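First up is the structure itself, then whatever we jot down about it.
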Amino acid sequence: MKINSDILKIESNNVAPSRGKILISEPFLVDNMFGRSVVLLIDHTIDGSMGLVLNKMAPILLNDVIKDFKDVESIPIYKGGPLATDTLFYLHTIPDVPDALPISSKLYLNGDFEVIRDYIVKGNPLRGSIRFFLGYSGWELKQLHQEIQDNTWLIGKSDVKSMLSYNTEGMWQKALSKLGSKYETWARFPQIPSLN
C-alpha cells in the first residue's frame, strides 16, 4: 500500500495574520512554549506582532497572587508567552471596562484592573468571561511573516467561547481540525514521530 506523502508536507494555509485571529503551530514544532500551541494575535502591524498563548497553563492560581481573591473560586493563570513573564494580562468579555483594548467583537484585552477586581469580588461568573495570562509572545518587524513563510504557523479564526474556555486540553487539535481534512490528519500525528 502506497502512502500519499503529500499529507505529511507542512505548508501554510495562506491566510494573512491580523488582530483577533489565531496562530496554530505546525505539528512537529519542538518548543516548550510554542510546540502544539494556539496563539491569539493581540496586535499585528508593520512594526511587529503581539499575542497570547492560549493553551499552556501556568503552575499557579491568581488566588495565590492577589489577596482579594482568597475567597473566590480558583482562577487559573496561563502562560501567555516568554516575554514579560512578570506582567499580568487578561482577556475578557466585560463591556465598558475603561482603557480595555477591543480584540474582536465582544472580546477585550486588559483595561482598568479595579473594575475587573470588583467584577470578580462580587461573585460574577468567571468561566467564559475572563482569563488571565502571565507574559506575552512577540515578534519583531517581519519576523512573524518569515515564520509563516517557513510554515511554522497556520492562521485560523478565533471564537470568543474557545478563547475564554478554562479547558484548553485538545485546543490545538480542535483549531487545526477546523482548517480542513489535511490539517485534521496532522492533528493526529505525534509531535516527535520517532518517539511513537
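What follows is calculated from the coordinates using simple rules that are stated; it is not laboratory data. Because the structure is a prediction, the values reported are computed rather than measured. Counting neighbours? That spans all protein chains shown, and the Cβs are built from the backbone with ideal geometry, glycine included.
Some points to look at:
- Rounded to the nearest 20 debye, dipole of the range 92-196 from Cβ charges on Lys, Arg, Asp, Glu: 480 debye
- In Hz, Karplus ³J(HN,Hα) per residue of the range 68-76 (6.51, -1.76, 1.60; θ = phi - 60°; x = Gly, Pro): 5, 9, 5, 9, 10, 4, 4, 10, x
- The fraction of all Cα pairs in the range 34-104 landing in successive 5 Å bins from 0 to the largest distance is 3, 12, 21, 22, 22, 13, 5, 1, 0, given as whole percents.
- Relative contact order, percent, the chain [alpha-carbon distance under 8 Å, six or more residues apart]: 28 percent
- Distant-in-sequence amide contacts of D43, defined by a placed amide H-H separation under 5 Å and a gap of 5 or more residues or a different chain, comprise M50.
- Neighbours of I116, meaning other residues whose beta-carbon lies under 14 angstrom from its beta-carbon, give a summed charge of -3 when Lys and Arg score +1 and Asp and Glu score -1.
- DSSP-defined beta bridges in the chain - what % are antiparallel, rounded to 5: 90 percent
- When the charge dipole of the chain is built from unit charges on Cβ atoms (+1 for Lys and Arg, -1 for Asp and Glu) and taken about the Cα centre, the candidate among V39, V97, L61 whose Cα reaches farthest toward its positive end is V39.
- Normalised radius of gyration (Cα atoms, divided by 2.2 N^0.38 Å) for the range 23-71: 1.55.
- Tail fraction, Cα-Cα pairs, the chain, threshold 23 Å, whole percent: 45 percent
- The range 49-57 - phi-based ³J(HN,Hα) in whole Hz, Karplus 6.51/-1.76/1.60, Gly and Pro as x: 9, 9, x, 10, 5, 8, 10, 10, 7
- Here the range 41-82 is treated with +1 on each Lys and Arg Cβ and -1 on each Asp and Glu Cβ, and its dipole about the Cα centre works out to around 160 debye.
- Rounded if a/c under 1.5, otherwise prolate or oblate - the range 84-196, Cα gyration tensor axes: prolate
- Neighbourhood charge, 11 Å Cβ-Cβ cut-off, centred on I24 and excluding it, Lys, Arg +1 and Asp, Glu -1: +4
- Neighbourhood net charge (10 Å Cβ-Cβ; Lys/Arg +1, Asp/Glu -1) for K157: +1
- Top of S137, S162, S25 by mean-square fluctuation, Gaussian network on the chain, Cα under 10 Å: S162
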